[in-house]
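Undergrad: Below you will find the structure I want to go over with you.
The values are calculated or read from the model by the stated rules, or taken from the named source; none is laboratory data. Source: prediction; values computed, not measured. Note that we place each Cβ from the backbone using ideal geometry, even for glycine, and neighbour counts take in every protein chain shown. Just the protein is used for accessible areas: all its heavy atoms, side chains included, with ligands, DNA and RNA removed. Shrake-Rupley method; radii C 1.70, N 1.55, O 1.52, S 1.80 Å.
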Amino acid sequence: VRFPEDLEDDNTTFNPEYSHQVFGDDEVAFGYKGLKILLYYIAGNLSTLFRIEYASKVNEKFDCVEADDVESKIREIIPPGFCTNTDDFVSLLEKEVNFKPFGMLLHTYSVHNEEAGEDITYQIYKADMTCPGFREYHERLQTFLMWFIETASFIDVDDERWNYFLVFEKYNKDGATLFATVGYMTVYNYYVYPDKTRPRVSQMLILPPFQGEGHGAQLLETVHRYYMSSPTVLDITAEDPSENYVKLRDFVLVKLCQDLLCFSPGKLMQGFSQEMMMEAQQKLKINKQHTRRVYEILRLRATDMGDAEQSRSYRLDVKRRLIGPYKKKQRELAKMRRCLRPEELTNQLNQIDLNMQHEQLEESFQQLVSDYRRVLERLAQA
């Protein structure tokens with residue numbers, strides 16, 4: 001909500017992707033007809049208005065069943081101090097002009113908005129719990145995780161090893177410059193013996209009204225550039241990354257790596273090298289596993305897949321990596337031959353069908369190439 005009229009505007013409304021963490025696996029609230037759970041957030045500081053509406057509700061006295069206590073379920077997520085009536089919320093909205101982003105400005109960029117017919121400016125900040133007011137703001141911000149990240153959990157904000165990176169949109173209201181929350185990322189700094197840290201991305205969320213505009217890539221690249229300047233950082237990883245995050249990371253890391261000398265077309269065609277691993281880690285804080293994916297994507301770009309020899313060479317190179325888990329199974333099988341009785345061995349052999357392995361390997365390769373091509377298409381448009 002930026003203006004009072006947004007409260008009545010359905011175009012500013014977005015729905016949760018998940019509600020099982022609040023309402024159980026069936027995502028059901030029992031005992032209501034026409035139930036609406038309404039959460040409004042002021043665009044910048046995320047002050048909250050919470051209302052429940054319904055046409056009718058079962059009555060324990062007459063229906064002998066009790067309706068779910070929806071209000072208490074929501075109250076468990078949103079921090080205290082929220083509004084329950086519109087007038088209080090609108091009066092808070094008038095003070096929004098005083099809200100300013102927290103922490104240190106890292107990056108400013110603009111995105112052309114077709115609808116508005118102009119470029120809109122965005123800024124990325126790094127904050128921590130010492131910033132006045134940030135702790136309360138973060139409590140409101142993290143409520144979105146429950147609705148948009150499938151296995152979300154709230155973090156321990158008293159642990160000083162957390163870093164917070166925030167994206168804001170700058171917009172004008174009555175001649176003043178205001179800020180709207182776009183999304184954020186939390187990163188935990190793990191200790192690596194003897195004197196390094198390994199930042200690990202824990203949660204990343206771009207709010208639905210801003211998705212598809214490139215903010216995730218801007219945020220991830222800014223975070224990488226922030227850590228790249230630190231001599232104590234070993235490399236950057238992610239905790240249990242989603243498919244969408246992996247695709248985003250592929251794009252950002254390929255964009256960062258493509259100008260390194262070790263990824264020149266001539267060197268790419270010679271195969272994955274120690275030089276690539278060292279340079280990507282030292283200059284860009286990228287670990288070996290991610291560097292290997294970057295290499296495969298850039299080598300695909302340098303490969304003429306219409307040329308039988310080049311295509312075969314690329315396919316074998318990628319499949320040599322993909323076959324790792326299958327080779328592990330073969331080693332396990334060799335151990336079984338020595339340890340298992342014949343009937344037990346036959347049972348295990350039935351589970352490891354070589355033809356099926358080849359089919360799965362080919363399927364994995366084709367899926368990977370398809371994903372890589374999408375990264376390269378996006379790179380060409382960037």
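Undergrad: With a 1.4 Å probe and all protein chains left in place, how much of the accessible area of the chain comes from carbon and sulfur atoms, in whole percent? Present the calculation step by step, with values, prior to reporting the outcome.
TA: Working: 10150 of 21620 Å².
The computed percentage sits at 47.
Undergrad: Pairs to check: Lys36/Lys247; Lys267/Lys288; Lys247/Lys285; Lys247/Lys283; Lys73/Lys170; Lys33/Lys73. Give those whose C-alpha atoms are more than 25 Å from each other in this structure.
TA: The pairs that break the limit, which is 25 Å between Cα atoms, are Lys36/Lys247; Lys73/Lys170.
Undergrad: Taking Rh as the Kirkwood radius computed over C-alpha pairs, what is the Stokes-Einstein D of the chain at 10 °C in a medium of viscosity 1.306 mPa s, expressed in µm² per second?
TA: 65 µm²/s
Undergrad: For the chain, what's the relative contact order in percent, using C-alpha pairs closer than 8 Å and at least 6 residues apart? Each step should come with its number before you reach the end.
TA: Values: 484 pairs, mean separation 38.4, N = 382.
This gives 10 percent for the chain.
Undergrad: Determine the distance separating the Cα centre of segment 107-143 from the Cα centre of segment 192-242; give it in Å without decimals.
TA: 16 Å
Undergrad: Of Leu298, Leu38, Leu253, which has the largest mean-square fluctuation in a 10 Å C-alpha GNM of the chain?
TA: Leu38
Undergrad: Against the longest alpha carbon principal axis of the chain, how many degrees, from 0 to 90 and to the nearest 10, is the axis of helix 324-339 turned?
TA: Taking the Cα atoms of the chain, the angle to 324-339 is about 60 degrees.
Undergrad: Further question: Suppose R0 equals 25 Å; then what is the FRET efficiency for Ser242 and His112 from their Cβ-Cβ distance, rounded to the nearest 0.05? Walk me through the intermediate numbers first.
TA: On the way: r = 28 Å, r/R0 = 1.11.
Step by step, r from the Cβ atoms, then E = 0.35.
Undergrad: Residue-wise, which Karplus ³J(HN,Hα) couplings in Hz belong to segment 6-11, taking 6.51 cos²θ - 1.76 cosθ + 1.60, θ = phi - 60°, and x for glycine or proline?
TA: 4, 4, 9, 9, 5, 5
Undergrad: Can I ask one more? With θ set to phi - 60° and the Karplus curve 6.51 cos²θ - 1.76 cosθ + 1.60, what are the ³J(HN,Hα) couplings of segment 289-301 in order, to the nearest whole Hz, using x for Gly and Pro?
TA: After applying 6.51 cos²θ - 1.76 cosθ + 1.60, I find 4, 6, 4, 4, 5, 4, 4, 5, 5, 5, 5, 4, 5 Hz.
Undergrad: First measure r as the distance between the Cβ atoms of Phe14 and Met228, then evaluate 1/(1 + (r/R0)^6) with R0 = 30 Å and state the FRET efficiency to the nearest 0.05.
TA: The pair Phe14/Met228 has a calculated efficiency of 0.30.
Undergrad: Next up: Can you run phi through the Karplus equation (6.51, -1.76, 1.60; θ = phi - 60°) for segment 312-322 and list ³J(HN,Hα) in whole Hz, with x for Gly and Pro?
TA: Karplus values, whole Hz, x for Gly and Pro: 5, 4, 5, 4, 5, 5, 5, 5, 4, 6, 5.
Undergrad: What does the charge count around Leu261 come to, taking other residues whose C-beta lies under 10 Å from its C-beta (Lys +1, Arg +1, Asp -1, Glu -1)?
TA: Within the 10 Å Cβ shell, the charges total -2.
Undergrad: Just to be sure I understand: with springs between alpha-carbon atoms less than 10 Å apart, which residue in Ala29, Ala176, Ala238 has the highest mean-square fluctuation in the Gaussian network model of the chain?
TA: So, out of Ala29, Ala176, Ala238, the one fluctuating most is Ala176.
Undergrad: Hey, could you grab the Kirkwood Rh for segment 100-263? Inverse mean 1/r over distinct alpha carbon pairs, Å, one decimal.
TA: In segment 100-263 this quantity evaluates to 17.0 Å.
Undergrad: In the full protein assembly as shown, how much of Arg161 is accessible to a 1.4 Å probe, in Å² to the nearest 10?
TA: 110 Å²
Undergrad: A further question follows. Ranked from highest to lowest mean number of other Cβ atoms within 10 Å per residue, what is the order of the peptides 71-83, 117-129? Show your work: numbers first, answer last.
TA: Values: 71-83: 13.5, 117-129: 16.4.
Ranking, from highest mean packing down: 117-129, 71-83.
Undergrad: Only helical DSSP H runs with n ≥ 4 go in: add -39500 (n - 2.57) per run for the chain, normalise by residue count and round the 222 nm mean residue ellipticity to 500 deg cm²/dmol. Each step should come with its number before you reach the end.
TA: Details: 15 runs with 162 residues, N = 382.
Value at 222 nm, helices only, nearest 500: -13000 deg cm²/dmol.
Undergrad: Something else now. Give the accessible area for Thr197 in Å² (nearest 10); use a 1.4 Å probe, count only protein heavy atoms, and leave out ligands, DNA and RNA.
TA: 40 Å²
Undergrad: So, one more: Would you pull out the residues with amide H under 5 Å of Gly183's amide H, same chain only if 5 or more places away, H placed 1.01 Å from N?
TA: Under 5 Å from the amide H of Gly183: Val167, Leu207.
Undergrad: Another one. If amide hydrogens are placed 1.01 Å from N in the peptide plane, which non-local residues have theirs closer than 5 Å to the one on Leu178?
TA: Tyr171, Asn172, Lys173
Undergrad: May I pose another question? I'd like the orientation of helix 342-351 relative to the chain: the angle between its Cα long axis and the longest Cα principal axis, in ° from 0 to 90, rounded to 10.
TA: 60 degrees
Undergrad: Now for a separate question. Using modelled backbone amide H atoms (1.01 Å from N, in-plane), which distant-in-sequence or interchain residues come within less than 5 Å of Leu106's amide H?
TA: Those qualifying (amide H under 5 Å, at least 5 residues apart or on another chain) are Ile124, Tyr125, Lys126.
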